[in-house]
Amino acid sequence: MLDLARLRALHAVSVHGSVAGAAAALGYTPSAVSQQISKLERETRTTLLERRGRGVALTEEARHLADTAQELLAIVERAETTLEERRGQPSGLLTVAAFASAARGLLPGVLAELARRHPALDVRLTEVDPHLSVDLVARGVTDLAVAHDWDIAPLPAPEGVEQAVIGDDLCELVVPAGHPFTRREVIRRADLGGQRWVCQPPGRVCHDWLVRTLRTAGLEPDIAHVAEENHTIVALVAAGLGVAVVPRLGTGALPPGAVAVPLEPGPVRRLYALWRTGAARRPAITEAVRTLQEHWAPSAAHPGEPPSVRHPAGPPPQ
């Protein structure tokens, strides 16, 4: 009899490509995942992982077993969904994947509310890139994802994954205090040439949006500095090292030296909740999505503020 927990560990290694990635997704230590795989190898009398440099790779037998594990986990999910639906109350484990600014600006209040309302529900959050999170949902590694797209970079929802809109997040052009843009009523995308930019690394949605938008306007972006966190990006702008487009969600008050100016048309990214079709009836999913939508407006920074110059308010974020 194959152990389901060990199959889950193998499936996670298959999805994430490493023992460390699987451990982070499952909430285990890497050594615990390695032990599960070793026990599965003894049970099946099969070599499942091979050393490749500093990492590991699945053998052909392991890939077949991981595909079977995904089917079994889907069956278990349907059974758990039916039981939870019959009880009528959100319960059990609910894993959530969210991108950085949603994890910081939206999820804390949502998770606290779910814990208060539903003590039998155990929600676990992992911070991941939005496009990666969609694949994690599709492959059964996480139950629910909070992801986003941009106007020129739609978020694909694969077959078997459903989605609901959470809300729209306005993004702002942030420039150093004293920048000529702060004296203008409106900045258009065609006006952005000749600027030094601070943005996220290539491959991230925000970076790709910036490059595509400027090139559509016939401009080649001069990316001077690259940083992962929006707070770091804003700090570099405040130091006079460039300009940036940053979302309001999760960014908070601007530090001294940074000013948000109106950009038309204003960049907007839309937030979605995504889950597998097989879990659509699960009360934990429906309640989590409803709570995300309830918390959206008060959690989005400066909701409804008109497009005008926004100066620093209070001390810089820690």
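Using unit Cβ charges (K, R positive; D, E negative) and no other charged atoms, how large, in debye to the nearest 20, is the dipole of the chain about its Cα centre?
360
For the Cα atoms of the chain, what angle does the longest principal axis make with the long axis of helix 283-299, in degrees from 0 to 90, nearest 10?
The angle comes out near 10 degrees.
Please work out the average accessible area per residue across segment 1-126, using the 1.4 Å probe convention, and give it in Å².
Per-residue value: 55 Å².
Express in whole angstrom the spacing between the alpha-carbon centres of segment 197-230 and segment 31-95.
Between the Cα centre of segment 197-230 and that of segment 31-95, the gap is 38 Å.
First check a/c for segment 5-132, with a ≥ b ≥ c the square roots of the eigenvalues of its C-alpha gyration tensor; if it is under 1.5, answer rounded, and if not, answer prolate when a/b is larger than b/c or oblate otherwise.
oblate
In degrees between 0 and 90, to the nearest 10, how far off the longest principal axis of the chain does helix 60-87 point, with axes built from Cα atoms?
80
At 222 nm, what value in deg cm²/dmol follows for the chain if DSSP H runs of at least 4 each add -39500 (n - 2.57) and the sum is divided by all its residues, to the nearest 500?
So the calculated ellipticity at 222 nm is -12500 deg cm²/dmol.
Once you place label points 7 Å from the Cα toward the Cβ at E61 and A120, how far apart are they in nm?
It works out to 4.2 nm between the two label points.
Evaluate the relative contact order of the chain (contact order divided by residue number), counting alpha-carbon pairs under 8 angstrom at least 6 apart; express in whole percent.
The normalised contact order for the chain reaches 21 percent.
Would you please give the FRET efficiency between L93 and A177, computed as 1/(1 + (r/R0)^6) with r the Cβ-Cβ distance and R0 = 45 Å, to the nearest 0.05?
The value I calculate is 0.40.
When the C-alpha atoms of segment 213-302 are aligned to their principal axes, what extent does each axis show, in angstrom, from largest down?
Principal extents (Cα only, largest first): 50, 32, 24 Å.
Using amide H atoms built in the peptide plane, which far-off residues or other-chain residues are under 5 Å from A258 H to H?
A177
Rounded to the nearest Å, what's the spacing between the alpha carbon centres of segment 166-193 and segment 250-293? Just the number, please.
21
For T232 and V76, FRET efficiency with R0 = 45 Å and r from the beta-carbon atoms, rounded to 0.05?
0.65
Give me the accessible area of L83, 1.4 Å probe, in Å² rounded to the nearest 10.
Here the residue's solvent-accessible area equals roughly 100 Å².
Answer rounded, prolate or oblate for segment 153-241, using the Cα gyration tensor with square roots of eigenvalues a ≥ b ≥ c: rounded when a/c is under 1.5, else prolate when a/b is larger than b/c, else oblate.
Judged from the Cα gyration tensor, segment 153-241 comes out prolate (a/c at least 1.5, a/b above b/c).
Based only on Cα atoms, what mean projected area does the convex hull of the chain have, in nm²?
18.3
Using a 1.4 angstrom probe on heavy atoms only, work out the carbon and sulfur share of the accessible area of the chain in %.
Ligands and nucleic acids excluded, carbon and sulfur give 53 percent.
Using Cα atoms only, what is the angle between the long axis of helix 4-16 and the major principal axis of the chain, expressed in degrees (0 to 90) to the nearest 10?
Value to nearest ten degrees: 40.
On full extension of the chain, what length is gained from E127 through R189, given 0.36 nm per residue of separation minus the C-alpha to C-alpha distance?
Length gained between E127 and R189: 19.2 nm.
I need the shape label for segment 72-157. Rule: rounded when a/c is under 1.5, else prolate if a/b > b/c, else oblate, with a, b, c from the alpha carbon gyration tensor.
oblate
The values are calculated or read from the model by the stated rules, or taken from the named source; none is laboratory data. Keep in mind that this is a model prediction, so the values were computed, not measured. Note that each Cβ is placed from the backbone with ideal geometry, even for glycine, and that neighbours are counted across all protein chains shown. Side chains are part of the model used for accessible areas, which takes the heavy atoms of the whole protein and leaves out ligands, DNA and RNA. Shrake-Rupley method; radii C 1.70, N 1.55, O 1.52, S 1.80 Å.
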